[in-house]
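Chemist: Sharing a structure, written as structure tokens. Questions coming.
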Amino acid sequence: MGLITQTNEEYYAGQKAYTIIQGSSQKVFSTSFDLELELSVDGVSNSNFNLEYSTDGINWSNYIFVNPTVQLEISVDKKTITIPSSAPAIGSTTATTIARITLKDYAKWENYGGYQYISFEDIVNNFLVAYVGEDKLIPKVKRTDVMFHAKRGVQEFNYDTLKSIKSQELTIPPSLSLVIPQDYVNYVELSYIDSSGVKHIIYPTTLTSNPYTVPLQDDEGLPVEDAFAENLEGTSLINKAWRQANQNNIDGQQDWNNVGVWDWNWWKLMYGERYGLDPQYSQSNGWFTIDEREGKFSFSSNLTDRLIILEYISDGLSSDLDTKVPKMAEEAMYMHIAYAMLAGRQNVPEYIVNRFKKDRRAALRNAKIRLSNIKLDEFVQIMRGKSKWIKS
Amino acid sequence: MVNVNTVYRTVLYILNKEQRGYLTPAEFNKLANQVQLEIFEKYFDEMNMVLRMPVNNSEYADREKNLDEKISVFEKDGSCLSTTPPNYSFPVDLHRIGSISYNGKSLERVSHSEYNLIQKSPFTKPTTSFPVYILKGTFDSTIAPLAMDVYPTTINTNLPIHYIKKPSEPIWAYKKNAQGGFIYQEAASATAVPATGSVQFELHPTEQTNIILNILMYAGVIIRDPQIVQNAAQMIAQDEAVEKS
């Protein structure tokens, strides 16, 4: 038996159908989906599946909608749905009925491509089976220790090895700020999207800063306290100035016909223009900074109402659903856990620790190369431009 | 399984060979239980010792395998019953806990202080994928002396347990004939003493000699015959020396 347990119908169509012949009825519906059926998914919906039935295969009725008081029962392994004894079974005395469990779209998407990953649970169990026991380097271990090191491994690998880039499509509001995503660890890239759907990178800037505190001051410059002896906070004038700034004065995108270069104060026009525009500022895509005080991204004023894509990395542990590791990095995970376990134990010879340190490094390097997704054909295609003459 | 009647007859035969004395069924039953528990409890220490000794891979002389076979006689599947979450009760015949699982996932035993630590860390907090249990006493003589708390508390179904059961008390049941002699009674019968009939030794059949020698040693104490005690003890010591060398 192979590792694939779900049927083609369950994988591709995201459903499992049951034929209930005329005159009979059915209350128990077993499936072999790879993902677990859930009656309630936090923040998403009530359940990640529907139980439907039809007598003609065209018009389907949702069982839950027929009788809203019915709370379906799910087996402990989350694979079998049972209609409780107090509720009517599915079936008809006049026609053959087809019942089906269909995954909702987001559950179906989660199921697609799932074979490229191994679950965190499998990683821990496989490690315990293969690396722990009599006559092995680790004779005995607490499972919680393995869990700790495995989760730390998932976190570390997510930062620079695994394909963990998440992205959000957002529109920048007039306030020019967007809240940092809940599972954000660091950004990868922010880009605005033009009308053709092409990305233009938005760069971080050091031209301005976001103050962490903005205390109100009295005439002598001292912070003013409220009735609870806490400093009163105001709004940031720096942020206000940056939001209102004319970006053309920074990036040099001027209307040269009306620039007034003969004016006595012409040199004030653009940032650093007197000695030639600084190339790092000569781009018109816009800027962003991270406002740690408010926990938001702040954007420059030329990006109002722009459609952007925010690409960022998470640590892979933000929810249980996240906690899976690409099979390409499976060996690296085992090596990471083994090294972490041995390095943290007493009386383990240093040469053993060093051996596992090297093994870990080699396995991690392999995983990085594999997950870099370097394909020869794609590489060749990029290199086609190597002979192109660049005219100056 | 070792036949209780065979053991009793053999013991009587050896004791009476030179008119040394007699062991009543009641005395025998007490000794039988004592000996069975003694031999059974030694298995776990022996296993610990065997695991630290050089191993061989022979078919019949692998000590670890042979000992494991003797212990396996007492391995049993049962159910831990959920009372009020997180409390669970164990089967009443529990002797040693093997493994407890929830939805095919093994529960890990942790101490109370470990639990206090692991539940504080989001990395190690018990989940339905990696549940844990804490043992505690019941202090109730009518049920198993041990109980446990299972975490996370969302687990509230009965849990399958694989464990070593307590050996049943061996009983040589009898009924009396017209002359007042004891007649072995295997099956349950209203005239039998006790009425539930005989209960065999549950130890592995290879333990028959060991059982007989041990009972003889205790019987020697009862009938106050130091020669019996000395001989039996000597033979047991020889056996052990061979087994453990």
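The values are calculated or read from the model by the stated rules, or taken from the named source; none is laboratory data. Not measured: the values here are computed from a predicted model. Every residue, glycine among them, receives a Cβ derived from its backbone with ideal geometry; neighbour counts consider all protein chains shown. Calculation scope for accessible area: heavy atoms of the full protein, side chains included, ligands and nucleic acids excluded. Shrake-Rupley method; radii C 1.70, N 1.55, O 1.52, S 1.80 Å.
Chemist: Mean-square fluctuation check for chain A, GNM, Cα pairs under 10 Å: which of A:Lys240, A:Lys151, A:Lys324 is largest?
Modeler: A:Lys240
Chemist: Here's something else I'd like to know. Using a Gaussian network model of chain B with C-alpha springs under 10 Å, which one of B:Gln234, B:Gln36, B:Gln179 is most mobile by mean-square fluctuation?
Modeler: Of B:Gln234, B:Gln36, B:Gln179, the Gaussian network model singles out B:Gln179 as fluctuating most.
Chemist: B:Ser79's amide H: which non-local residues (gap 5+, or another chain) put their own amide H closer than 5 Å, with H modeled 1.01 Å from N in plane and none for Pro or chain starts?
Modeler: B:Ile161
Chemist: Here's something else I'd like to know. Given the C-alpha centroids of the range B:82-98 and the range A:356-392, what is the distance between them in whole angstrom?
Modeler: Measuring centre to centre over Cα atoms gives 57 Å.
Chemist: Which of B:Val4, B:Gln230, B:Val132 sits farthest toward the positive end of the charge dipole of chain B, with +1 on the Cβ of Lys and Arg and -1 on the Cβ of Asp and Glu?
Modeler: Final value for the positive-end residue is B:Val132.
Chemist: Now a separate question. Looking at the range A:195-256, which chymotrypsin sites (Phe, Trp or Tyr not before Pro) are DSSP coil and have at most 15 other C-beta atoms within 10 Å of their C-beta?
Modeler: Within the range A:195-256, the qualifying chymotrypsin sites (Phe, Trp or Tyr not before Pro) (loop, at most 15 other Cβ atoms within 10 Å) are A:Tyr212, A:Phe228.
Chemist: While we're on this one: If you average the C-alpha positions of the range B:112-181 and of the range A:288-314 separately, how far apart do those two centres end up, in angstrom?
Modeler: Centre-to-centre (Cα) distance: 56 Å.
Chemist: With charges only on Cβ, +1 for K and R and -1 for D and E, what is the dipole size of the protein assembly as shown about its Cα centre, in debye, rounded to 20?
Modeler: That gives the protein assembly as shown a dipole magnitude of about 1660 debye.
Chemist: Among the chymotrypsin sites (Phe, Trp or Tyr not before Pro) within the range B:36-99, which fall in a DSSP loop and have no more than 13 other Cβ atoms within 10 Å of their own Cβ?
Modeler: B:Tyr60
Chemist: Total accessible area buried between chains A and B, 1.4 Å probe, in Å² to the nearest 100?
Modeler: Heavy-atom accessible area buried at this interface is about 1600 Å².
Chemist: In chain B, carbon and sulfur make up what percent of the accessible area (probe 1.4 Å)? Mind showing how you got there, number by number?
Modeler: Working: 7270 of 13280 Å².
The C+S portion of the solvent-accessible surface of chain B is 55 percent.
Chemist: Okay, next question. If you filter the range B:81-166 for trypsin sites (Lys or Arg not before Pro), then keep DSSP loop positions with at most 14 other Cβ within 10 Å, what is left?
Modeler: B:Lys120
Chemist: Keeping all protein chains in place and using 1.4 angstrom, which order do A:Met335, A:Met383 fall into by accessible surface area, from largest down? Could the numbers behind the result be given before it?
Modeler: On the way: A:Met335 15, A:Met383 85 Å².
These residues rank, largest area first, as A:Met383, A:Met335.
Chemist: Please report, in debye to the nearest 20, how large the charge dipole of the range A:8-111 is about its Cα centre when each Lys and Arg carries +1 at its beta carbon and each Asp and Glu carries -1 there.
Modeler: 280
Chemist: When we measure straight from the Cα of A:Lys388, which lysines land under 27 angstrom away, once same-chain ones fewer than 8 places off are left out?
Modeler: Once the sequence-local lysines are set aside, what remains near A:Lys388 is A:Lys199, A:Lys375.
Chemist: Could I ask something else about it? Among A:Val28, A:Val380, A:Val154, which one moves the most in a GNM of chain A with springs linking Cα atoms closer than 10 Å?
Modeler: A:Val380
Chemist: Summarise the partner chain shielding of B:126-137 as one whole number: the mean count of Cβ atoms from other chains within 10 Å of each residue's Cβ.
Modeler: The mean count of partner-chain Cβ atoms within 10 Å per residue comes to 2.
Chemist: Could you pull out every one of the lysines with an alpha carbon less than 30 Å from that of A:Lys27, ignoring same-chain neighbours closer than 8 positions?
Modeler: Within the straight-line limit of under 30 Å, A:Lys27 reaches these lysines: A:Lys16, A:Lys78, A:Lys79, A:Lys104, A:Lys108, B:Lys105.
Chemist: Can you find, among A:Val28, A:Ser86, A:Ser47, the residue farthest towards the positive end of the dipole of the range A:8-111? Put +1 on the C-beta of Lys and Arg, -1 on that of Asp and Glu.
Modeler: A:Ser86
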